[in-house]
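The values are calculated or read from the model by the stated rules, or taken from the named source; none is laboratory data. Everything quoted here is computed from the prediction, not taken from an experiment. Protein only, heavy atoms only, side chains kept; ligands, DNA and RNA dropped before computing areas. Shrake-Rupley method; radii C 1.70, N 1.55, O 1.52, S 1.80 Å.
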Amino acid sequence: TKKNCHEQEVNKVLSSGMAQTSTKRAPVGLLHRIVTSLTFESSVSCFVVANCVCMGLEAHQQAAGNLPQTLVDVASGADHVFTAFFFMEFLLYWRVFGSRHFRL
């Protein structure tokens, strides 16, 4: 019965058009719930805004050069954090949706 419930869930996802043509990557389970949750999407949005602020600080420093060195160092160090976060986001989306999610 548990197997039938899982098969019904997979068939439901497949029939809704959310899955790829292969049943091996049907977007079900914990990772799918995480990447499609409002909390995850809001977190990504906050990281995007914070990244924009840091890039703006770095651009201002290059143009005017009048920011405190500590602030410049923090902004430049944050680049590594943002890169790691966005790479992890990419890997999660790749794992859940597969390569078809990234096609143009």
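What part of the accessible area of the range 34-104, given as a whole %, is carbon or sulfur when the probe is 1.4 angstrom?
Details: 3300 of 4910 Å².
Solvent-exposed carbon and sulfur of the range 34-104 make up 67 percent of the total.
Probe radius 1.4 Å, ligands and nucleic acids left out: which of 38, 67 has the largest accessible area, and how do the rest follow?
Working: 38 135, 67 40 Å².
Descending accessible area places them as 38, 67.
Which order do you get for 60, 32, 80 if you rank them by accessible area with a 1.4 Å probe, largest at the top?
Values: 60 80, 32 30, 80 140 Å².
The ranking, largest first, comes out as 80, 60, 32.
Which order do 73, 79 take by accessible area at a 1.4 Å probe, largest first? Let's see the in-between values first.
Values: 73 85, 79 45 Å².
Accessible-area ranking of 73, 79, largest first: 73, 79.
What whole-number value in Å² describes the accessible area per residue of the range 46-104 for a 1.4 Å probe?
Details: 4210 Å² over 59 residues.
Per-residue accessible area for the range 46-104 comes out at 71 Å².
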